[in-house]
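K.L.:
Take this structure, written in structure tokens, and hold onto it; I'll ask about it next.
The values are calculated or read from the model by the stated rules, or taken from the named source; none is laboratory data. The model shown is predicted, which means the values in this text are computed figures rather than measured ones. When we count neighbours, we look across all protein chains shown, and the Cβ atoms used for this are built from the backbone with ideal geometry, even at glycine.
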């Protein structure tokens, strides 16, 4: 996953601005310059976020933005780029979620479960904006 403008993943310490929530297992998102066999490199720049595990245990981890104040936003849109390579019949999954407060429940905006060997630029409308809005990228590796 890569973002253009706003938050990027150019350095390993970039992830310190985000939080991670283990849904199943304990696999971390990382920042990297390529996937494990160098077939995917960042869409732009030199870094990207990667949710990968070297076995087929399918851990699920949310990569969560800091709280965003979208209370005054008119028709806000989330833009990101996404790719999902098929590994020996194993296709990972990405769900994009939001919640309107720190204690709120996650609500799905979109999901991606098919192979995408090239980068796709995604734009999603953000509903129900608040002053404490969170977005999560839920990766199943």
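K.L.:
Read through the list (1) crowded, with 17+ Cβ neighbours inside 10 Å; (2) in a strand (DSSP E or B), then give the number of the only condition that residue 118 fails.
P.N.:
Failed condition: (1).
K.L.:
Could you tell me how many of the residues in the range 89-115 are over 21 Å from residue 28 (Cα atoms), crowded, with 17+ Cβ neighbours inside 10 Å and within 12 Å of the chain's Cα centre (by Cα)?
P.N.:
0
K.L.:
Could you pull out the residue among 8, 57 that is modelled with pLDDT under 80, farther than 22 Å from residue 108 by Cβ, touching a helix residue (DSSP H, G or I) at 6+ places or on another chain (Cβ under 7 Å) and in a loop (DSSP other than H, G, I, E, B)? Talk me through it step by step, then tell me what you get.
P.N.:
Values: 57 fails: touching a helix residue (DSSP H, G or I) at 6+ places or on another chain (Cβ under 7 Å).
Answer to the check: 8.
K.L.:
From the list 40, 102, which residue is part of a loop (DSSP other than H, G, I, E, B), in contact with a strand residue (DSSP E or B) (Cβ under 9 Å, 6 or more places away or on another chain), under 19 Å from residue 119 (Cα atoms) and modelled with pLDDT of 80 or more?
P.N.:
Checking each option against the conditions leaves just 40.
K.L.:
Right, here's the next one. Please work out which residue is farthest from residue 60 (Cα to Cα), limiting yourself to the range 13-22 and to residues that are modelled with pLDDT of 85 or more and surrounded by 15 or more Cβ atoms within 10 Å (Cβ to Cβ).
P.N.:
18
K.L.:
Next question, about the same structure. Can you tell me which residues in the range 60-92 are within 18 Å of residue 119 (Cβ to Cβ) and touching a helix residue (DSSP H, G or I) at 6+ places or on another chain (Cβ under 9 Å)?
P.N.:
Answer for the range 60-92, where residues must be within 18 Å of residue 119 (Cβ to Cβ) and touching a helix residue (DSSP H, G or I) at 6+ places or on another chain (Cβ under 9 Å): just 63.
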